[in-house]
Amino acid sequence: MSSAVMPTYARADVAFERGEGPYLFDTDGRRYLDFGSGIAVTALGHAHPHLVAALQDQAGRLWHTSNLFRIPGQERLAERLAAHSFADRVFFTNSGVEAWECGIKLIRKYHDFHGRPERWRTITVGGGFHGRTLAAIAAARTEKLVKGFGPMVDGFDQVAFGNLNELRAAITPETAAVCVEPVLGEGGIKPADAGYLQDLRTVADEFGLLLYFDEIQTGVGRTGRLFAHEWAGVAPDVMCVAKGIGGGFPLGACLATEAAAAGMTAGTHGTTFGGNPLAMAVGNAVLDVVLEPGFLDRVERMAGLLRRRLAGLAASHPSVIAEVRGAGLMLGLVCAVPNSEVIADLRACGLLTAPASDNVVRLLPPLIIDERHVDEAVAILDRVCAEREEKAA
Ligand SMILES: *Cc1c(COP(=O)(O)O)cnc(C)c1O
């Protein structure tokens, strides 16, 4: 596949031309059940009528004005996000990593604003992922992300995920914040214990640190709550979201309490495209659906069903699936064979999934799936596992 596109991705040789709900249709007209959702992005499936109408309506009126002017859609979406979260202030971006980095800047500014500019370092966890800018790869510090891109941006210290003693020991007078994903996504679908997240809150308060949750993958209903940290009953000071909030339109947001955002005054941060009227129309339309009474309860029900069915599969095919883990509709199959082969076999049988670290196959179906889609996905998984076992025998 020779192409003028920079070859930074290991792409599968398939292209899609149409989508409908949880299904994608390739250029040969073949149908696939999309349980990858473009990596947790198309949370309401493809071509959701309410999202299509919102985007088409906005496209006919106004695309872009810049942040030199008020953008009513931003004010509305920010108010709604604040009303349904711990946050008071929202900054809109075009991508996940921009939203994440806005949070890092906000954290440094917060301490500077309070006369503590020496507090500028953020503690992250091993296996975390925050995007691909120079700061984000320095924060995650995975070999694959950083190799050849040195020297690394300074200001990040790393401890083991889930280890509170290591975290406490890593805190210095320069520490400003702790940043974790409530469920490690790229890192292999590893949920944090509720107790760990609660302890992070306690430690942050004890040392005057800001607590920063990266909910770019876990947020906007993915785990059956609007935000995954709600399961633990703790609130962060700062949170970034993206992926699902745009339903496929590039959109991210950094949310913070009024206190944490104290230093983010006029002129301190900005973006040309972030929060433009098109993105805001879609973001508000996504919230219309996700906030409908009963929507998240249904996600939780479907998640429970899928989880039980996957556990059954793992029990009957232990030589292929070693473990099922995750939260809500963010599930990982830890494979006993190479995950890339399982993903290719599933794709050949019409089921799309995504890889993750730790030899995991990630299932990130759209939040609108029903029992039939669970049945269909499980039947394909069952067939692929059985064929693998036959080959091995
Ligand atoms: C995807 C992701 C990012 C990066 O988002 P981009 O839109 O690719 O920049 C950051 N953090 C987490 C947890 C993610 O899943």
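The values are calculated or read from the model by the stated rules, or taken from the named source; none is laboratory data. Quick caveat, the model's predicted, so the values are computed rather than measured. Note that we place each Cβ from the backbone using ideal geometry, even for glycine, and neighbour counts take in every protein chain shown. Ligands, DNA and RNA are excluded from the accessible area calculation, which covers all protein heavy atoms including side chains. Shrake-Rupley method; radii C 1.70, N 1.55, O 1.52, S 1.80 Å.
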Quick one: of the DSSP bridges fully inside the chain, what percent are antiparallel, nearest 5?
-> 65
Accessible area per residue of the chain at 1.4 Å probe, in Å²?
-> 44
Counting only residues 5 or more places away or on other chains, whose amide H sits under 5 Å from the amide H of Gly188 once H atoms are built in the peptide plane?
-> Ser357
If you line up the long axis of helix 72-83 against the longest principal axis of the chain, both from Cα atoms, how many degrees apart are they, to the nearest 10?
-> 90
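Using Cα pairs under 8 angstrom and six or more residues apart, how large is the relative contact order of the range 50-290, in percent?
Values: 474 pairs, mean separation 72.2, N = 241.
The value is 30 percent.
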Karplus-derived 3J(HN,Hα) from phi for the range 303-315 (6.51 cos²θ - 1.76 cosθ + 1.60, θ = phi - 60°), whole Hz, x at Gly and Pro, runs 4, x, 5, 4, 4, 5, 5, 5, 4, x, 4, 4, 5
If exposed GluC sites (Glu not before Pro) are those in a DSSP loop with at most 16 other Cβ within 10 Å, what is the longest stretch of the chain that has none?
-> 259-393
Give the angle, between 0 and 90 degrees and rounded to the nearest 10, that separates the Cα long axis of helix 194-207 from the longest principal axis of the Cα atoms of the chain.
-> 10
Mean residue ellipticity (222 nm) of the chain, computed from DSSP H runs ≥ 4 via -39,500 (n - 2.57), nearest 500 = -11500 deg cm²/dmol
For every other residue with a beta carbon closer than 12 angstrom to the beta carbon of Arg132, add +1 if it is Lys or Arg and -1 if Asp or Glu, then tell me the sum.
-> -2
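Rounded to the nearest 0.05, what FRET efficiency do Asp13 and Ala53 give with R0 = 41 Å and r taken as the Cβ-Cβ distance? Could you check?
Efficiency, from the Cβ-Cβ distance: 0.75.
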Looking at this model, which pairs from Lys105/Lys243; Lys144/Lys243; Lys109/Lys144 are more than 28 angstrom apart at the alpha-carbon?
-> Lys109/Lys144
Compute the relative contact order of the range 120-239 as a whole-number percentage, counting only Cα pairs closer than 8 Å that sit 6 or more residues apart in sequence.
-> 24
For the chain, the accessible surface attributable to carbon and sulfur atoms (probe 1.4 angstrom, ligands and nucleic acids excluded) amounts in percent to 54
Using a 10 Å Cβ count of at most 16 others and DSSP loop calls, identify the longest part of the chain lacking such trypsin sites (Lys or Arg not before Pro).
-> 148-393
Residues of the range 303-320 with amide N under 17 Å of the 7 Å Cα→Cβ point at Glu371 | 303-310
Loop-only check: which chymotrypsin sites (Phe, Trp or Tyr not before Pro) in the range 116-188 are DSSP coil with at most 15 other Cβ within 10 angstrom?
-> Phe149
Rounded to the nearest 10, the angle in degrees between the Cα long axis of helix 371-392 and the longest principal axis of the Cα atoms of the chain comes to 70
